[in-house]
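The values are calculated or read from the model by the stated rules, or taken from the named source; none is laboratory data. Worth saying up front: this structure is predicted, and the values here are computed from it rather than measured. In this analysis, Cβ positions are derived from the backbone assuming ideal geometry, glycine residues included, and neighbour counts consider all displayed protein chains. Ligands, DNA and RNA are excluded from the accessible area calculation, which covers all protein heavy atoms including side chains. Shrake-Rupley method; radii C 1.70, N 1.55, O 1.52, S 1.80 Å.
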Amino acid sequence: MHDGFNTRIDAIAADALYERASAFGHSIEEEVDALRREAQPLSIADKVALSARQRAMAPTDCLSDDSTLIIRWYRDTNGGRDTDDGWIDDHRR
């Protein structure tokens with residue numbers, strides 16, 4: 001990604017931190033410290049529960065195919081960019 005994207009993300013994060021800190025009457029540094037204390041990695045039980053919730057949202061009334069072949073094709077063809085579509089820009093791929 002180019003630097004413009006990172007600059008925009010940094011600006012959005014800074015604005016969000018400022019708004020959150022203002023809402024709680026904290027300085028930005030205090031808010032960052034509070035967020036670091038609150039942030040904890042998910043436990044295995046939390047991950048399993050999250051996975052179960054996501055699986056519960058998947059439709060069960062239709063057939064779904066194994067996506068392994070699609071994933072491999074996408075990986076092996078660089079997202080389809082390395083396939084021969086017959087145009088002159090293929091360079092004998």
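Listed values, structure above:
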item	result
Boolean, Ala11 is without any contact (Cβ under 8 Å) to a residue 40 or more places away in the chain, open to solvent by less than 70 Å² (accessible area, probe 1.4 Å) and out of contact with any His (no Cβ under 6 Å at 6 or more places or on another chain)	yes
Which listed residue is open to solvent by 80 Å² or more (accessible area, probe 1.4 Å) and at pLDDT below 80, from Asp90, Asp66, Asp76, Asp82	Asp66
Filter result (among the basic types (Lys, Arg) and either out of contact with any His (no Cβ under 9 Å at 6 or more places or on another chain) or in contact (Cβ under 8 Å) with a residue 60 or more places away in the chain (or both)) within segment 19-46	Arg36, Arg37
